[in-house]
Every structure is written in structure tokens, then in C-alpha cells.
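See structure below.
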Amino acid sequence: MSALKYKRIVLKLSGEALAGDKGFGIDPTVVDSIAAQIKTIKEENLEIGVVVGGGNIWRGLAGSAKGMDRATADYMGMLATVMNSLALQDSLEKCGVDTRVQTAIEMRQVAEPYIRRRAIRHLEKGRVVIFAAGTGNPYFSTDTTAALRAAEIEADVILMAKRNADGVYDSDPKYNPDAKKFKTLSHIDVLQRGLGVMDSTATSLCMDNEIPIIVFSMDEPENIVQAALGKDIGTIVGGKTNGD
């Protein structure tokens, strides 16, 4: 077996990804497919942390836009990420992958509280760790959570699995047939161009800690596995040069 490019990764999944074509809620078939790919990665002896969004159940910004208190709306979004994390944990354990959910908001009857050293120990023991409830603070996205946890556990890379997008483009390819897909970009390019890879807080955190991001489509079978094994797919953010 060839040498692995990464030892420890953070996989970022949007909540919408778990909904599949339904657009809302949790599609067990999609969750099982993701779990099967994570199991394949685990069998390659990679250490895996996962951050899941909650947009398939609740979006804090949407609630705030309709007049709800922003902090309350964001806390509701954090609880949605816990529901998604428990669903993924259940699917992983059914296929034999030892998994822990750690939450930034303490709820001991449901999951462990997030403790950095404990998380790293779980990873070293071969367990998948799912980081739930965001950062535990309102006004921060799960993109920022992925960047923060990746920095804390010293992950080698963040894998951004997207639906309906196979990389980063200079404009929306749905509306511009001439949109250019980037193979590599620097973090500062993403910030200066306003490209929608992550929010600016998350991108800045990755830049400051030199954490590369791979943006790729999860619509293609086994793409999560391919990205984790260092195959050339999607767009790499954090390379030394940008261009085609």
C-alpha cells in the first residue's frame, strides 16, 4: 500500500447533504452511504474527525431573518447539528466503526462534552469523533467549527464535501456556462475574491494555521474516500499558487 498523504483529517458535511434529494430532514440511505465511505477511510488507518451542519433541520440565519433573536436561533441550529451527529454515529456503529459524539454544549445524557485532549485520545485509539453543537457560541458557523476543531486537533486537512458543486469556480456555473474552475487557490485569494468556500472567519482561521481545504463533490460515489486518500479531485485551497 502506498504511503498516505494525510494522517488526520476533518470531514465537513453540510446538514443539507444528509437530507439527500428530499431537501429536508435526514435520509437514512444517504447517511448510510456516508458512513460506508468513512468506514473505508478508517480501514486505511486515517484518523477522522467529522463536523456536520444542521441546515436540513434548522438554519439560525433564516430564523433571525424572520424576527427571531439571533442567539436563540443559532442555539436551535446547534441542537440540529447534534441530531445529525447522532444519526451519523448510529449508522457508523451499525457498520462496525467505533464512534464518539462530542458536543460543545454539555448534554451528558446524549454525548460527551468536547474536551480537546479526550478527542485526540479517541482519534489515536482509532475512533471516529463527531464534533457537534458548533463552537457552542452563537454567530459562528459550522464552517468555523470545522476550522477551529481542525486547528485544535492538528488535522492535516479539511475535506469540504459539497452537494451540486465539484470545486471552486470564479462565478456560479449554474448561471455562467463559462465559469472557470480553480484547481488550486490560496486562502487569501478566497478572501479577496469573495469566493464561497467557507465564511471569512473560517477561511482566516485556516490561513493563520496553514490548514489546507479540499472542496469537492460528494455526489459522485466514493469521492469522500478519494479526497481522503489524496487523489486529485476538486479544488485545493491552501496551495502555494492559484490558477487552472
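Worth pointing out:
- The loop-placed chymotrypsin sites (Phe, Trp or Tyr not before Pro) in segment 157-214, going by DSSP, that have at most 11 neighbouring Cβ atoms within 10 Å of their Cβ come out as Y175.
- Nearest-20 debye value, segment 65-141 charge dipole, Cβ charges on Lys, Arg, Asp, Glu: 240 debye
- Taking other C-beta atoms within 10 angstrom as a stand-in for reagent exposure, C206, C95 fall in the order C95, C206, fewest first.
- Taken about its Cα centre, segment 8-237 carries a charge dipole of roughly 400 debye when the Cβ of each Lys and Arg holds +1 and the Cβ of each Asp and Glu holds -1.
- When the Cα positions of T203, N176, N84 are compared along the charge dipole of segment 8-237, N84 comes out farthest toward the positive end, with charges on each C-beta of Lys, Arg, Asp and Glu.
- Magnitude of the charge dipole, segment 91-226, Cβ model with Lys/Arg +1 and Asp/Glu -1, debye to 20: 400 debye
- Taken as Cα centroids, segment 121-159 and segment 22-89 sit 13 Å apart, rounded to the nearest whole angstrom.
- For segment 150-244, a/c is not less than 1.5, where a ≥ b ≥ c are the root eigenvalues of the C-alpha gyration tensor, and a/b does not top b/c. That puts it in the oblate class.
- Placing unit charges on each Cβ (+1 for Lys and Arg, -1 for Asp and Glu) gives the chain a dipole about its Cα centre, and among F216, A133, P113 the Cα reaching farthest toward its positive end belongs to P113.
- Anisotropy class of the chain from Cα gyration tensor, a/c 1.5 cut: rounded
- A simple count of charges around I115, restricted to other residues whose Cβ falls under 13 Å of its Cβ and scoring Lys, Arg +1 and Asp, Glu -1, yields +4.
- Counting only GluC sites (Glu not before Pro) that DSSP places in a loop and that have at most 16 other Cβ atoms within 10 Å, the longest clean stretch of the chain runs over 45-105.
- Computed [θ] at 222 nm, helices only, for the chain once each DSSP H run of length n ≥ 4 contributes -39500 (n - 2.57): -11500 deg cm²/dmol
- Signed unit charges on C-beta, dipole axis of segment 8-237, positive-most listed residue F24, T72, A165: T72
Every read-out reported here was derived from the displayed coordinates using simple, explicitly stated rules and does not represent laboratory data. Every value quoted in this text rests on a predicted model; they were computed, and no experiment measured them. Using ideal geometry, Cβ is built from the backbone for each residue, glycine included, and neighbour counts are taken over all protein chains shown.
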